[in-house]
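**Q** Okay, handing you the structure first.
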Amino acid sequence: MLWLSPKALVPLLGYLRRLGAAPLPPPAPATPAGELLERYQRYLVTERGLAATATRGYADMVRPFLVQREKDGKLGLEDLTAADVTAFVLATCPGKPKGPAKLAVTALRSLLGSCMLRA
C-alpha cells in the first residue's frame, strides 16, 4: 500500500510542525461556514470527547454541506428543511463505499444536533 494521500501526511506534518521544522497551516478563511465548523469542532472535542483527528474528519465530511448552504444564502437552521438534508445525502453518498457513506450521514447528524443545542 502506498501512503500518497494528503490524509496520510497529517501525522508526519503534525510531528514536523511541533518541532518547528514545517510551517503552520494557513488560518481558515473567516466565513460564516468556517466559523460554524470551528464551533462544531470545539463541540466535538469538549462535549463529545473526540480526538482532534476525528474532529477534522467530521468537519471534512460536513464542510461541503455548509459551503453549499452558505452559497445559497441560507446557512442558518431556520431555513433548513428535511429536503435540504436529503438532497445533500443523496448527492454525497452514491458511489461511496458503505463505511464512508455512513460516516457522512453520522457527521451531518452530529453537526445538526450540535446546532440544535446552541439554538
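**Q** Answer with one residue from T46, L19, L75: the one whose Cα lies farthest towards the positive end of the charge dipole of the range 18-81, charges on Cβ with Lys, Arg +1 and Asp, Glu -1.
**A** The one lying farthest along the dipole's positive direction is L19.
**Q** Same structure, new question: Assigning unit charges at the beta carbon (Lys, Arg +1; Asp, Glu -1) and nothing else, what dipole magnitude in debye, to the nearest 20, does the chain show about its Cα centre? Write down the numbers at each step before the final one.
**A** On the way: 16 positive and 9 negative charges, 93 e Å.
About 440 debye.
**Q** Once Rg and Dmax of the Cα atoms in Å is worked out from the coordinates, which option in [x] 28.3, 79; [y] 15.1, 48; [z] 15.8, 47 does it equal?
**A** [z]
**Q** Show the residues, 5+ positions off or on another chain, whose built amide H is closer than 5 Å to the amide H of L75.
**A** Under 5 Å from the amide H of L75 lies no amide H from a residue far enough along the sequence or on another chain.
**Q** Once the piece of chain linking A21 and A101 is laid out straight, how much longer is it, given 0.36 nm per residue of separation minus the C-alpha distance between them? Mind showing how you got there, number by number?
**A** Details: separation 80, 0.36 × 80 = 28.80 nm, distance 3.62 nm.
Contour length minus Cα-Cα distance gives 25.2 nm.
**Q** Among the trypsin sites (Lys or Arg not before Pro) within the range 18-69, which fall in a DSSP loop and have no more than 15 other Cβ atoms within 10 Å of their own Cβ?
**A** Numbers: sites: R18, R39, R42, R48, R56, R69; in loops: R48.
Qualifying residues, ordered by number: R48.
**Q** Tell me which residues come under 5 Å, amide H to amide H, from A22 once H is placed; ignore anything under 5 positions away on its chain.
**A** Residues meeting the criterion, in which the H sits 1.01 Å from N, are R17.
**Q** A follow-up question, please. Counting other Cβ atoms within 10 Å, which chymotrypsin sites (Phe, Trp or Tyr not before Pro) in the range 1-92 have at most 15 and lie in a DSSP loop?
**A** Here the chymotrypsin sites (Phe, Trp or Tyr not before Pro) that fit, given the DSSP loop and packing criteria, are W3.
**Q** If you don't mind, another one. Hydropathy first: keep DSSP H helices in the chain averaging at least -1.0 on Kyte-Doolittle, then drop any whose Cα extent along the axis falls short of 30 Å, and list what survives. Display every interim value, and only then the final one.
**A** Working: long enough: 98-118 (31 Å, 0.55).
Flagged H segments are 98-118.
**Q** What percent does the relative contact order of the chain come to when contacts are Cα pairs within less than 8 Å and at least six residues apart?
**A** Once divided by the residue count of the chain, the mean separation gives 23 percent.
**Q** Give me the net charge of K102's neighbourhood, meaning all other residues with Cβ under 11 Å from the Cβ of K102; Lys, Arg count +1, Asp, Glu -1. Walk me through the intermediate numbers first.
**A** On the way: positive: K96, K98, R109; negative: none.
Every neighbour counted, the sum reads +3.
**Q** For K71, which aspartates and glutamates qualify as cross-link partners when the Cα separation must be under 16 Å and same-chain residues fewer than eight apart are set aside?
**A** E35, D79, D84
**Q** Next question. Please give, to one decimal in nm, the separation of the simple spin-label points placed at T81 and L12, each 7 Å out from Cα toward the Cβ.
**A** Modelled inter-label distance: 4.8 nm.
Taken together, the values in this text are just the output of simple stated rules run on the coordinates, not laboratory data. None of these values were measured; they are calculated from a predicted model. Counting neighbours? That spans all protein chains shown, and the Cβs are built from the backbone with ideal geometry, glycine included.
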